[in-house]
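Each value in this text was obtained by applying a stated rule to the coordinates, not by laboratory testing. Predicted model only: the values in this text are computed from it and were never measured. Every residue, glycine among them, receives a Cβ derived from its backbone with ideal geometry; neighbour counts consider all protein chains shown.
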Amino acid sequence: MEKVKNYIWLQFFFILLVSLFVVQECESKRANNKEESVKSINWIYDIDSALYLGMGENKLLMIDFMAEWCPPCRKMEDSTFRHPEVVKKTSLFIPVRIDVDRQREIAIKYNGNARKYGGVGIPNILFMTGDEKEIRHIVGYYDYEAFLAVLDSVLNENVLDKRKL
C-alpha cells in the first residue's frame, strides 16, 4: 500500500513539473512573439485597402515607395524601419509599401517613382489622408532620428489642420 501511495505522489509531482515547464515555455514564446511583432512595421501592399482603412480609422497613410534594387531603400528597411521607436510611432499611421517595379501605375499617380522611371527618386515617402489629401512628401534616406522628427511633424501638422475645421 505504501508503494502505491509513493507511486501516486511521484506521478503527481511529475505531472506538476511537466505542467510548470509547459506553462513557462508558453509564456516565453508569447514574450518572444511580442518582441518580434514590435521589430517590424505591419505594411499593407494594396493602396485601395489602405485608403479605405485611412478613411474608416481616421488615420493618415504613410506610403513608402521603394524597390528591391535600391540601396537607400534597403538601408531604411534594415535600420530606420526596424528601430523600435519608429515601429511604435508608425502604428499611428496606415503604413503602405509600394514597390515601384511591381506597382508602377500607383507610383506614377502619387509621384513616387524612381528616377529611372522619370520620377523624383526613391526611397520616397508620401503622407496623406484617406481622401488623398497630401500632407508631406519626403525623398531620400532618413535615419531613425530624422524619420521620427518627420513623423512627429506630420502628426502635429495633422492635429493642427483638424482643429481649424
Exercise. What is the dipole size for the stretch 45-125, taken about its Cα centre, with +1 at each Lys and Arg Cβ and -1 at each Asp and Glu Cβ, in debye to the nearest 20?
Worked result: 240
Exercise. Short version: ³J(HN,Hα) in whole Hz for each residue of the stretch 103-112, in order, from phi by Karplus 6.51 cos²θ - 1.76 cosθ + 1.60 (θ = phi - 60°), x for Gly and Pro, what are they?
Worked result: 10, 4, 5, 5, 4, 5, 4, 9, 6, x
Seminar exercise, completed: Extend 7 Å from the Cα of Asp46 along its Cα-to-C-beta direction; within the stretch 92-112, residues with backbone N under 19 Å of that point are 94-100, 102-107
For this session: Hey, can you grab everything whose amide H is under 5 Å from the amide H of Ile135? Only 5+ residues off in sequence or another chain; H modelled, so Pro and N-termini drop out.
Result: Phe127, Met128, Thr129
Seminar exercise, completed: Between Ile94 and residues 5 or more places away or on another chain, the pairs with built amide H atoms under 5 Å apart involve Leu60, Leu61, Met62
For this session: Return, ordered by residue number, the residues of the stretch 52-68 whose backbone nitrogen is under 17 Å from a label point located 7 Å along Cα→Cβ of Glu157.
Result: 59-65
Exercise. Tally Lys/Arg at +1 and Asp/Glu at -1 over every other residue whose Cβ is under 12 Å from the Cβ of Leu53; what's the total?
Worked result: -2
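Between Ser79 and Lys39, 0.36 nm times their residue separation minus their Cα-Cα distance comes to what?
Numbers: separation 40, 0.36 × 40 = 14.40 nm, distance 1.05 nm.
Going from the current span to full extension adds 13.3 nm.
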Seminar exercise, completed: Surrounding charge for Glu132, neighbours by C-beta under 12 angstrom, Lys/Arg +1, Asp/Glu -1, total -1
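List the trypsin sites (Lys or Arg not before Pro) within the stretch 86-165 that DSSP assigns to loop and that have no more than 16 neighbouring Cβ atoms inside 10 Å. Could you put the intermediate results ahead of the total?
Working: sites: Lys88, Lys89, Arg97, Arg102, Arg104, Lys109, Arg115, Lys116, Lys133, Arg136, Lys162, Arg163, Lys164; in loops: Arg102, Lys133.
Sites meeting the loop and neighbour criteria: Arg102, Lys133.
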